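As structure tokens, the structure follows; a few thoughts come after it.
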Amino acid sequence: GARPEADFATLKIADNLTRAPVAVPPDTPIAEAARLMREAGISSLGITDPGGRLLGLVTIRDMSNRVVAEGLDPTAPVSTIMTADPVTLPPDALGSDVLHAMIERRIGHLPVVDGERLVGMITQTDLTRVQAVSTSVLIHDIAGAETVAQMAAVTARIPDLLVSLVAAHQRHEVVTRLITDIADAVTRRLLAMAQAQLGA
């Protein structure tokens, strides 16, 4: 059967949003915004006007780079450290659009905007969660392949997996290990198939 996590690249973002975005008005003090992020366990915060229109984005990195490193006043409004007009995607964009945007722009947080209204946030963590599943999905599908053609179809998905692993900034040794695991699964399955056809 089809597993949604195996098709992240072709699913609409709207189907991958795990929770409502957390947002604050632009005049919120930096310290309060930081506290809110810590309590909610999130790495980014939308900055919106009263109508929910996205004005900017603040990330943990902004907090450390701009506030801590530069000694900014924590009572200053969060709008002073936000990234105004961040890269956004619409809810009907696909998972592949997320991957490409994150890789090309080297960003880890993508606000999802319907019109101008903030409706969600996609992060590298979301991607990592999807990939962890994707790797096991690939290995599962390889183990269940009945023919060499089925096997070829499964291994044809490896480049997409690689792209998404790189997008989520996985360490190269992790990527290598995952790809090796998949290759080993292919080898084991081919040996088993050969044995079934040709005998021990």
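The values are calculated or read from the model by the stated rules, or taken from the named source; none is laboratory data. None of these values were measured; they are calculated from a predicted model. Note that each Cβ is placed from the backbone with ideal geometry, even for glycine, and that neighbours are counted across all protein chains shown. The accessibility values were calculated without ligands, DNA or RNA, using every heavy atom of the protein model including side chains. Shrake-Rupley method; radii C 1.70, N 1.55, O 1.52, S 1.80 Å.
Yes/no per residue for (1) within 16 Å of M121 (Cβ to Cβ); (2) modelled with pLDDT under 90; (3) over 22 Å from the mean Cα position of the chain (by Cα); (4) among the hydrophobic types (A, V, I, L, M, F, W, C):
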| position | (1), (2), (3), (4) |
| --- | --- |
| A14 | yes, yes, no, yes |
| D27 | no, no, yes, no |
| M37 | yes, no, no, yes |
| A40 | yes, no, no, yes |
| S43 | yes, no, no, no |
| T48 | yes, no, yes, no |
| A84 | no, no, no, yes |
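Condition first: in a helix (DSSP H, G or I), of a type in the set (S, T, N, Q) and under 24 Å from the mean Cα position of the chain (by Cα). Now tell me which residues in the range 50-82 satisfy that. Spell out the reasoning first.
Applying the first criterion (in a helix (DSSP H, G or I)) to the range 50-82 yields 60-68, 78-80.
Filter again for of a type in the set (S, T, N, Q), leaving 64-65, 79-80.
Once the filter is applied, which keeps residues that are in a helix (DSSP H, G or I), of a type in the set (S, T, N, Q) and under 24 Å from the mean Cα position of the chain (by Cα), the range 50-82 yields S64, N65.
Would you point out the residue of the range 50-82, among those that are open to solvent by 40 Å² or more (accessible area, probe 1.4 Å) and hydroxyl-bearing (S, T, Y), that is modelled with the lowest pLDDT?
Here the answer is S64.
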